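Notes to accompany the following structure.
Readers should treat all values here as calculations from the given coordinates under stated rules, not as data from a laboratory. Everything numeric in this text was worked out from a predicted model, so none of it was measured. Counting neighbours? That spans all protein chains shown, and the Cβs are built from the backbone with ideal geometry, glycine included.
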Amino acid sequence: MVLPSDPVLNDSVVVTFSKDIVPIMETYCYGTGGQNCHVSQSNQGASGDFTTCIGLVDKVNNGSMETRVFDPEGDMPPSYSLSPTELTDSALQILKLWVNQGTSCD
């Protein structure tokens, strides 16, 4: 299992949606308090339900993860988020590795 605090990840690590990606989504993308983002009943107008693997895979496939998350000029997580507004380097590494490994929904 990969933890978001792992300092170094390499291609020998197998990233899974349920064990590795869901905790990142819970921390940065679902919202907190009364703010509900990227969940099935979003009250923030967020497009995409990231509680399901296919909802996140859709964002990988249409290029929005690349432009909104991986690009330093992207705006995710947004500055108005009540959750952390900047992904850690480790979280970004895990997401990129998952994408490079083919976005398995385990």
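Quick notes
- Degrees between helix 89-100 axis and first principal axis of the chain (Cα, 0 to 90, nearest 10): 70 degrees
- Mean residue ellipticity, 222 nm, helices only, the chain: the sum of -39500 (n - 2.57) across DSSP H runs of n ≥ 4, divided by residue count and rounded to 500, is -7500 deg cm²/dmol.
- Ranked packing of 72-84, 54-66, most packed first, by mean Cβ within 10 Å: 54-66, 72-84
- Environment charge of H38, counting only residues whose C-beta is closer than 14 Å and scoring Lys/Arg +1, Asp/Glu -1: -2
- For Cα extents along the principal axes in Å, the value computed from the atomic coordinates appears in the list [x] 36, 31, 18; [y] 38, 25, 24; [z] 68, 31, 27 under label [y].
- Within the chain, the cysteines lacking any other cysteine Cβ closer than 4.7 Å to their own Cβ are C29, C37.
- Sorted fewest first by neighbouring Cβ atoms within 10 angstrom, E26, E86 come out as E86, E26.
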